[in-house]
1. Can you give the extra length, in nm with one decimal, that the chain gains between residue 38 and residue 179 once fully stretched, where that is 0.36 nm per residue apart less the Cα-Cα distance?
2. For residue 85 and residue 124, what does the FRET efficiency come to when R0 = 30 Å and r is the distance between their Cβ atoms, rounded to the nearest 0.05?
3. If I model the range 33-92 as equal point scatterers sitting on the Cα atoms and use the Debye formula, what is log10 I(q)/I(0) at q = 0.17 Å⁻¹?
4. Residue 163 versus residue 57, label points 7 Å from Cα toward the beta carbon: distance in nm?
5. Express in nm, to one decimal, how much length is gained between residue 115 and residue 49 on full extension, taking 0.36 nm for each residue of separation and deducting their alpha carbon distance.
6. How do the peptides 134-143, 76-85 rank, highest first, by the average count of neighbouring beta carbon atoms within 10 Å per residue?
7. In percent, how large is the relative contact order of the range 112-190, given Cα pairs closer than 8 Å and 6 or more residues apart?
């Protein structure tokens, strides 16, 4: 056929790539975000850890009530299910829609520097909690994470973290009788409350 707009390559102006769908392998990897994959794997690992750790909880002799393993198993199972669902969506290339007011570039890569600083902050919190007390460890972690995520200045994040950590510590220790290490200074200051 030799009319205008028709030929070997199809309609006029159409190229071969316009008419044919992309190869399935190329589509499979398009839109995949390494940060989302890392999050999915970390979430799955957390769920497996929760389920395995729940198996080590001692069960009292009474069998007529829900045992202490029930809720850790439930939470661990839900975390694993969430990781599997998230992994499925990530491998499909799905991305959540950005909020209208969100100023985050969805095509930007993962800031591995920020991820590293946040990971070190959480590790330092775990190591410092018994040394300097829960409120000070949380304050330092909160300030560091806020700084890594782009907060301007360090005084306001440290103040916000300090006030929040002290209020939470007082509520848990004094009202709920949950033991959180407070450090010598905070335990002395709240012994009057």
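No lab work stands behind these numbers, since they all come straight from the coordinates. Here the structure is a predicted model, which is why all the values come from computation and not from measurement. Note that each Cβ is placed from the backbone with ideal geometry, even for glycine, and that neighbours are counted across all protein chains shown.
1. Gain in length upon complete extension: 47.4 nm.
2. The pair residue 85/residue 124 has a calculated efficiency of 0.40.
3. -0.59
4. Output for this residue pair reads 3.6 nm.
5. Working: separation 66, 0.36 × 66 = 23.76 nm, distance 2.13 nm.
Stretched out fully, the residue 115 to residue 49 stretch lengthens by 21.6 nm.
6. Details: 134-143: 22.1, 76-85: 15.6.
Those peptides, ordered most packed to least, come out 134-143, 76-85.
7. The normalised contact order for the range 112-190 reaches 32 percent.
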